[in-house]
1. Collect the residues in the stretch B:200-259 that are more than 30 Å from D:PHE250 (Cα to Cα) and among the charged types (D, E, K, R), keeping them in residue-number order.
2. Only one of A:GLU42, A:GLU48, A:GLU60 is more than 27 Å from B:LYS98 (Cβ to Cβ), touching a residue at least 40 places away in the same chain (Cβ under 8 Å) and among the charged types (D, E, K, R). Can you tell me which?
3. Could you check, for the stretch A:44-56, whether at least one of its residues is of a type in the set (Lys, Arg), within 11 Å of chain B (Cβ to nearest Cβ) and touching a Pro at 6+ places or on another chain (Cβ under 9 Å)?
4. Specify the residue that is surrounded by the fewest Cβ atoms within 10 Å (Cβ to Cβ); the eligible residues are those in the stretch C:193-213 that are at the interface with chain D (Cβ under 7 Å from one of its Cβ atoms) and not in a strand (DSSP E or B).
5. Only residues that are touching a residue at least 12 places away in the same chain (Cβ under 8 Å) and assigned to a strand (DSSP E or B): list them for the stretch A:229-259, please.
6. Please work out which one of (1) within 30 Å of D:PHE136 (Cβ to Cβ); (2) within 11 Å of another protein chain (Cβ to nearest Cβ) is the condition D:ILE23 fails and give its number.
7. Kindly evaluate B:ARG255 against the criterion of being out of contact with any Lys or Arg (no Cβ under 6 Å at 6 or more places or on another chain) and among the basic types (Lys, Arg).
8. Of all residues in the stretch C:236-259, which are touching a helix residue (DSSP H, G or I) at 6+ places or on another chain (Cβ under 8 Å) and either surrounded by fewer than 22 Cβ atoms within 10 Å (Cβ to Cβ) or more than 30 Å from D:LYS51 (Cα to Cα) (or both)?
Protein chains: 4
Amino acid sequence: MNYPREDSIILLYDKKKEKKHVINLKDINNAYSTSNGMIKKEALLQTELGKPIKTHLGYEYVLLPATLNDFIMKKLTRLTQIVYPKDAAYIAFRLDIKPGDTVLESGIGSGAMSAVFAQILGKNGKLISYEKREDFVKNALKNLRLFNLDNIVQVKHKDIKDGFDENDVDAVFIDIKEPWLYLDKAIEPLKCGKMLGILVPTVNQVSFVLKAFENLPILGVDVSEILHRFWKTNPERLRPLDVMSAHTAFLIFARKVCL
Amino acid sequence: MNYPREDSIILLYDKKKEKKHVINLKDINNAYSTSNGMIKKEALLQTELGKPIKTHLGYEYVLLPATLNDFIMKKLTRLTQIVYPKDAAYIAFRLDIKPGDTVLESGIGSGAMSAVFAQILGKNGKLISYEKREDFVKNALKNLRLFNLDNIVQVKHKDIKDGFDENDVDAVFIDIKEPWLYLDKAIEPLKCGKMLGILVPTVNQVSFVLKAFENLPILGVDVSEILHRFWKTNPERLRPLDVMSAHTAFLIFARKVCL
Amino acid sequence: MNYPREDSIILLYDKKKEKKHVINLKDINNAYSTSNGMIKKEALLQTELGKPIKTHLGYEYVLLPATLNDFIMKKLTRLTQIVYPKDAAYIAFRLDIKPGDTVLESGIGSGAMSAVFAQILGKNGKLISYEKREDFVKNALKNLRLFNLDNIVQVKHKDIKDGFDENDVDAVFIDIKEPWLYLDKAIEPLKCGKMLGILVPTVNQVSFVLKAFENLPILGVDVSEILHRFWKTNPERLRPLDVMSAHTAFLIFARKVCL
Amino acid sequence: MNYPREDSIILLYDKKKEKKHVINLKDINNAYSTSNGMIKKEALLQTELGKPIKTHLGYEYVLLPATLNDFIMKKLTRLTQIVYPKDAAYIAFRLDIKPGDTVLESGIGSGAMSAVFAQILGKNGKLISYEKREDFVKNALKNLRLFNLDNIVQVKHKDIKDGFDENDVDAVFIDIKEPWLYLDKAIEPLKCGKMLGILVPTVNQVSFVLKAFENLPILGVDVSEILHRFWKTNPERLRPLDVMSAHTAFLIFARKVCL
């Protein structure tokens, strides 16, 4: 039997409208209210995951465990452009993030990338995130807490221009407006040979980063962009959706060397 | 100080030719031979990661820690089409793989996807992989051993048509030729509400899977494809590479429900 | 000096709102009304193309010659999915349409593809278009008349299942729901060696066409899709737009042989 | 009956190897030699288009009329990057090229774009092409002659920096290394309201052009890129090809105004 726990992040799935509600049960006191009626917390805790559950008005949802994808796409409060799953998953992979690693990032933005890092790092790992804007710090922490990942992430309300306090970290990820100004500071705490990742939305920024790289001890630079095309799911009339995201960001990766 | 260990997976990076050698030191007895001369194991163990190292003929490499990306792209022996990093990272994300989870897959192919799962699962997690072809089993295990991930993956030389032996697993991934024939068996061991992922190269296969889904207790189906475009790294003449991969696979995701 | 003629197709360009009005002057009696005031026909005829022109309320537009692209994207009344410029231009190219050629198509849809053909065919060429739905015939003819191309296109209110009446045509273009049922009829009027083009929105339709081709005297089949990505035009922050069309249609081309 | 003429451009299609020979019959004296034997000119002239034809060694080809696409992709001698069909067709469309128009371009490159313009312009139209490199002039003219389009194109061995000699042309197309230096000269000969097209391979060049536009009397600028993805033609295993062109060029369009 597989029931939600007191701090489970659940998904109420509305099959009729194909709409999703992402909820952390620790944030529900007595009941959760939908536009189709109320569901008591008790009922949520006593319904098996994967099963239907009804509001007091009889409207049916399916009770599901929420995934990190649900959280990022449906729940996370956005004060900034977020790092989208297609990019975030690849960034974590290229930075070679493993359970137990120590990772640095700046800035935290709305915390989407941080959440992806934190989920892989697990409770033995650590993400330290530098963010100069206090409103972003607060919002990101709130977001991470909603997905029970706040204990893995330490947020420092500091500007990267003052450098990182840490040393010997396994990976560094930079998502700020003018990364080329601080790349020396970005690679300093990185273990020799380890990966630096940078995300920028414009090609001008890519050029500035590549120029700044020319004077830094780095190796194996690559630049890429990822396009994600969803398809309609009618098996008899299979075709891509009409529209897609045309652009989120350019991804830049490099290794620190210690020559 | 950060030296390789006896079982470190290292990368010898040839800066002149931009060529990479991926090596697990546990597989080196006395020395590693390159086309530019030999490097003694002792020297490899006594050189800091991130530093240059020379062959007995004086040719210089940089000694780096290898990432899982290096391993998959440069080292893994391919007997099959592999799941490429752009897809593998997103699949692991969408299946919501976390350290400590238990995951099922079939088949193992050459082990690229298995390696990505295993790295995230970590030593407290478990991937059980069903593969009906013995040559694939052997090759995949050899590949996983090379990246020190074989202890996380249990490979069963069994056909998925006989079903999975396990129960209550956190995610199931299917990469076989005719997945639509075995989808009931694929979702059986899955915890209610958890994610099923399927990879197929052709649109005909996508149609067959979507049709088979109509009679199964699943929810929230999506189909997508990921395009990854690399750019040239000259900041003054920034532009995409001339060619790119046009296609690897279609990715299908769905949740098991228990209505 | 370059003034509009009595039947010029002009564009009133609203620089403030970046909005376009496409107008055929032959359809204006005394004046053209905008939401920002009225412009007399006389004024339109006496303003040089490329110059500003004001409404009676003082709102300024720029008077420009309209292009076929303006017409298709901004003016054409759509009763159907249209063939988009990125596809239409390539289709006309691959069908090797030249001034003076004779071309067959079925159906006419809303007339976008017909307009592209007709503009290249010119007054010495001929497009004969078969369309079984009377409402489409009327709408398409109205559209073509608006761009002064109706004299080049002959529309027949006939179903392709009864075959084409013509012979020895230079190219045939098929944009109907089930093209695979009528491919023998589609290639019959084509000169030996000349090009057949087919447009379909789904991959299922592509499969059916390719299967039907196996029994037909054709050669050199190719299938492709065209993606068109627009970029933002800020030179300091150059990047693609946020969204793009993910899909319009698959294009299939083949040559008729007479073995 | 449809036989080749003395100056027909034909295609010998090798069905076994799916290989194409593009030939202008005016360039054949007595016979055409293939690696599989010789075909007499007389035989070529007396075989209907669309029919098989054999070499003196009995190897069979299919005799077909060549399209402009065959010519550009298979025959044209390339001294430069060419403008690819996917781009060329769209450029001609956006520049609103019609039979009988007068068009200016610089430079001519290898003549692929010129050929697409010339085919649409027809014998009543005129393309004047400025090219500063004599080797390109010669090669492009040779290419155009091979496709019987040389009578429509007038090539001037002149640098665009000295301006165009013409006036009141219908469209201008610029494909040179530093277009931003000569945009004033590029729009000068253009009729008010008509289209300017620019092709550049790098984003840096796009930025420079957009900046230069800020001081010029132009309107309605757009920047885009076109991706063309071919699919495999097996109806039972339908999927895109493995690789595709990732990039050819960025296309910039604008209208000249005369405020």
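The values are calculated or read from the model by the stated rules, or taken from the named source; none is laboratory data. Everything numeric in this text was worked out from a predicted model, so none of it was measured. For neighbour counting, all protein chains shown are included, and Cβ atoms are generated from backbone atoms with ideal geometry for every residue, glycine included.
1. Answer for the stretch B:200-259, where residues must be more than 30 Å from D:PHE250 (Cα to Cα) and among the charged types (D, E, K, R): B:LYS211, B:GLU214, B:ASP222, B:ARG255, B:LYS256.
2. It is A:GLU60.
3. Within the stretch A:44-56, not a single residue is of a type in the set (Lys, Arg), within 11 Å of chain B (Cβ to nearest Cβ) and touching a Pro at 6+ places or on another chain (Cβ under 9 Å).
4. So the residue we want is C:LYS211.
5. Hits for the stretch A:229-259 are A:ARG229, A:PHE230, A:MET244, A:SER245, A:PHE250, A:LEU251, A:ILE252, A:PHE253, A:ALA254, A:ARG255, A:LYS256.
6. (2)
7. The answer is yes for B:ARG255.
8. Answer for the stretch C:236-259, where residues must be touching a helix residue (DSSP H, G or I) at 6+ places or on another chain (Cβ under 8 Å) and either surrounded by fewer than 22 Cβ atoms within 10 Å (Cβ to Cβ) or more than 30 Å from D:LYS51 (Cα to Cα) (or both): C:GLU236, C:ARG237, C:LEU238, C:ARG239, C:THR248, C:ALA249, C:PHE253.
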